[in-house]
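The values are calculated or read from the model by the stated rules, or taken from the named source; none is laboratory data. Just so we're clear, the structure is a prediction, and the values are computed from it rather than from any experiment. Every residue, glycine as well, gets a Cβ built from its backbone with ideal geometry; the counts of neighbours run over all protein chains shown. What goes into the accessible areas is simple: the full protein's heavy atoms, side chains included, and nothing from ligands, DNA or RNA. Shrake-Rupley method; radii C 1.70, N 1.55, O 1.52, S 1.80 Å.
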Amino acid sequence: MNYHVGVISGDGIGPEIVNEAKKVLDKIGEKYGHTFEYEEILMGGCSIDATGVPLTDHAIEQAKAADAVLMGSIGGNTSTSPWYRLEPSLRPEAGLLKLRKSLNLFANLRPAYLYEELKAACPLRDEIIGEGFDMVIMRELTGGLYFGERKTEEVNGKLTATDTLTYSEDEIRRIAVKGFDIAMKRRKKVTSVDKANVLDSSRLWRKVVEEVAKDYPEVSYEHMLVDNCAMQLVNNPAQFDVILTENMFGDILSDEASMVTGSIGMLSSASMNDTKSGLYEPSHGSAPDIAGQDIANPIATILSAAMMLRYSFDLDKEADAVEAAVKQVLKDGYRTVDIMPKETEKKSAFTQVGCKKMGDLIAERV
Ligand code: NAD
């Protein structure tokens, strides 16, 4: 098959890490008989420099026309870059917000996977880590508290602030369907997280999730209160497969889950809409402090490309091959600087490599 991939290389380490992901995709293409055609899309600081705005209408059209979009990262040093002297709507991040809106990306998927080889970076005790864990957090991205009505007013002489948490049943249904669809490609377990003992929006969430669950008899599901989920993530993370939750709970829980995996350079993410397309990007930023030095870790972007293969193109076997190659490279002792052990005596067991070399090693193992 031929796939048309929109590529947002972006700023900072973006172009370096995206190049390595393309290298791995090309190797997949060679091995499994696919072609990936890349079309560069300008967004972020590089778009400001070239066009005066962080995202043009042409760029939006390119992203919409692509089968999926793979992104590096955008933005610069927020204290020193001239991009941050522009008004907020013209800064690099405004481009990303506009793109998410234009593509109607309402579902955000972030995996939290503990690599056997990186166990030392996990802050949890060995007996809690056990055999490791492998979960994804499916977070609603466009509704809830962050998008509800808000105001600050004086009531009886006191400043009073109000935020509103609103969800319609349609908004809940479409994210629940995404969550159950993802579970079908994994271990077929959904934990729906809410605060139904207090919030009306959560009681509606629960009702709709139960309706959706009826269409997925193979998937087992449970409801969990968000406070309990926050505890369970650090007490028994292996129990989770797909965590399905609303915007603010997901914001907090996905950061908690990623912290327990260790390194920022390993964390992939996907944002999806109700078509097969999606935006795939690492969870980290553009790391301007290390840009251009060939030391960035490309693994989060390579794993984001694997998610693109799995969820946008239904190429599960190929996605498995990329993930296995990443595991193998770690097993073989190769590390970028961010995942090298800090203690001198432990360093001798590993080979430190740069961004390009890491990409080569993973591509070789596909
Ligand atoms: P950051 O994630 O870019 O960097 C934080 C720290 O982690 C830095 O020390 C960096 O060197 C390191 N790091 C990050 N990714 C790494 C990798 N792949 N390999 C090795 N080390 C890595 O966060 P920041 O410094 O707060 O933000 C820098 C810029 O990125 C800002 O302009 C910010 O707005 C932007 N940003 C963009 C996105 C996005 O494009 N989605 C997300 C977050 C931040």
Going by the structure shown, is Tyr311 of a type outside the set (Lys, Arg), in a strand (DSSP E or B) and crowded, with 22+ Cβ neighbours inside 10 Å?
no
Return yes or no: is Tyr84 surrounded by 15 or more Cβ atoms within 10 Å (Cβ to Cβ), within 16 Å of the ligand (Cβ to nearest atom), hydroxyl-bearing (Ser, Thr, Tyr) and not assigned by TED's automatic domain parsing to the domain that holds Asp241?
yes
Index of the failed condition, Asp49 passing every other in (1) out of contact with any helix residue (DSSP H, G or I) (no Cβ under 8 Å at 6 or more places or on another chain); (2) within 13 Å of the ligand (Cβ to nearest atom); (3) assigned to a helix (DSSP H, G or I)
(2)
Looking only at the stretch 317-338, count how many residues are out of contact with any Phe, Trp or Tyr (no Cβ under 6 Å at 6 or more places or on another chain), closer than 15 Å to Lys27 by Cα and surrounded by 16 or more Cβ atoms within 10 Å (Cβ to Cβ).
6
Just checking, which of Ala120, Ala183 is more than 21 Å from the chain's Cα centre (by Cα), hydrophobic (A, V, I, L, M, F, W, C) and part of a helix (DSSP H, G or I)?
Ala120
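Yes/no matrix, rows are residues, columns are (1) open to solvent by 10 Å² or more (accessible area, probe 1.4 Å); (2) touching a Leu at 6+ places or on another chain (Cβ under 8 Å):
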| site | (1), (2) |
| --- | --- |
| Pro217 | yes, no |
| Ser220 | yes, no |
| His223 | yes, no |
| Cys229 | no, yes |
| Asn236 | yes, no |
| Asp241 | no, no |
| Met248 | yes, yes |
| Asp251 | yes, no |
| Asp255 | yes, no |
Residues of the stretch 45-81 satisfying the condition of being in contact (Cβ under 8 Å) with a residue 60 or more places away in the chain, of a type in the set (Gly, Ala, Ser) and open to solvent by 40 Å² or more (accessible area, probe 1.4 Å)
Ala65
Apart from one, (1) at pLDDT 90 or above; (2) open to solvent by less than 40 Å² (accessible area, probe 1.4 Å); (3) out of contact with any strand residue (DSSP E or B) (no Cβ under 6 Å at 6 or more places or on another chain); (4) among the small types (Gly, Ala, Ser) all hold for Gly292; the odd one out is (2)
The stretch 87-105, subset within 30 Å of Ile175 (Cα to Cα) and over 17 Å from the mean Cα position of the chain (by Cα), residue nearest to the ligand (Cβ to nearest atom)
Pro92
Quick one: is Ile295 outside the structural domain of Ala183 (by TED's automatic domain parsing), in a helix (DSSP H, G or I) and touching a helix residue (DSSP H, G or I) at 6+ places or on another chain (Cβ under 9 Å)?
no
For the subset of the stretch 2-21 comprising residues that are in contact with a Leu (Cβ under 8 Å, 6 or more places away or on another chain) and outside any strand (DSSP E or B), which member is surrounded by the most Cβ atoms within 10 Å (Cβ to Cβ)?
Ala21
Which residues, counting only those in the stretch 69-117, are in a loop (DSSP other than H, G, I, E, B), within 25 Å of Arg186 (Cα to Cα) and of a type in the set (S, T, N, Q)?
Asn104
Among the residues of the stretch 264-304, which ones are more than 8 Å from the ligand (Cβ to nearest atom) and closer than 18 Å to Met358 by Cβ?
Met266, Leu267, Ser268, Ala291, Gly292, Gln293, Asp294, Ile302, Leu303, Ser304
Taking the condition open to solvent by less than 60 Å² (accessible area, probe 1.4 Å), of a type in the set (Gly, Ala, Ser) and either within 14 Å of the ligand (Cβ to nearest atom) or more than 28 Å from Ser81 (Cα to Cα) (or both), does Ala349 pass?
no
Kindly check whether there is at least one residue in the stretch 37-44 that is under 30 Å from Met248 (Cβ atoms), within 16 Å of the ligand (Cβ to nearest atom) and either touching a residue at least 40 places away in the same chain (Cβ under 8 Å) or open to solvent by 60 Å² or more (accessible area, probe 1.4 Å) (or both).
yes
